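Engineer: Quick one: this structure, given as structure tokens, is what I'll be asking you about.
The values are calculated or read from the model by the stated rules, or taken from the named source; none is laboratory data. Every value quoted in this text rests on a predicted model; they were computed, and no experiment measured them. For neighbour counting, all protein chains shown are included, and Cβ atoms are generated from backbone atoms with ideal geometry for every residue, glycine included. Accessible surface areas use protein heavy atoms only, side chains included; no ligands, DNA or RNA. Shrake-Rupley method; radii C 1.70, N 1.55, O 1.52, S 1.80 Å.
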Amino acid sequence: MSCIFCGIANGEVEAEVIGEGDRWIAFRDTNPQAPTHVLVVPREHIESLSALEESRTELAGELLRAAASMARQEGLEAGYRVVANTWSDGGQTVPHLHLHLLGGRKLRWPPG
Ligand code: 5GP
Ligand code: ZN
């Protein structure tokens, strides 16, 4: 299996890492959609939000807390958005669960 985010998580693929914990890593998106665009990713390969099992409930909470922590670190006091694009209609292109943290500009709603 060759997964780009597993590669980043284990250090084989380069990324601009801005934070990490035992079970997650946060790095800048290479195609940013806002002044701050960070991906928060579990080290474990989980395909999508839909593949997150009950046994990973604690990990899910940790990922959300990591996103909030990275938002603080990025100085997003004015607000931000956390998104998990899921499967095809959700716009998911990398099949390894990730939270997008977007901020640094006024974000529109609804998204496209
Ligand atoms: P998705 O479309 O699956 O919700 O989000 C995948 C995101 O990963 C996209 O925003 C894309 O720009 C980003 N991405 C894809 N490949 C790489 C990579 O190799 N490095 C980094 N840092 N981001 C990537
Ligand atoms: Zn993976």
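Engineer: Being in a loop (DSSP other than H, G, I, E, B), free of Cβ contacts under 8 Å to residues at least 60 places away in the same chain and not acidic (D, E) is the filter here, so list the residues in the stretch 15-72 that pass it. Reasoning before the result, please.
Structural biologist: From the stretch 15-72, those in a loop (DSSP other than H, G, I, E, B) are 15-16, 21-23, 29-35, 43-48, 52-53; that's our starting set.
Remaining after also requiring free of Cβ contacts under 8 Å to residues at least 60 places away in the same chain: 15-16, 21-23, 30-32, 43-48, 52-53.
Selection gives A15, G21, R23, T30, N31, P32, R43, H45, I46, S48, L52.
Engineer: N10 versus (1) free of Cβ contacts under 8 Å to residues at least 40 places away in the same chain; (2) of a type in the set (S, T, N, Q); (3) open to solvent by less than 40 Å² (accessible area, probe 1.4 Å); (4) farther than 25 Å from R105 by Cβ: which is the lone unmet condition?
Structural biologist: The failed condition is (3).
Engineer: Are any residues in the stretch 92-111 open to solvent by 50 Å² or more (accessible area, probe 1.4 Å) and touching a strand residue (DSSP E or B) at 6+ places or on another chain (Cβ under 7 Å), and if so, which ones?
Structural biologist: As a first pass, look at the stretch 92-111 and keep what is open to solvent by 50 Å² or more (accessible area, probe 1.4 Å): 93, 95, 104-106, 108-111.
Listed by number, the list holds a single entry, G104.
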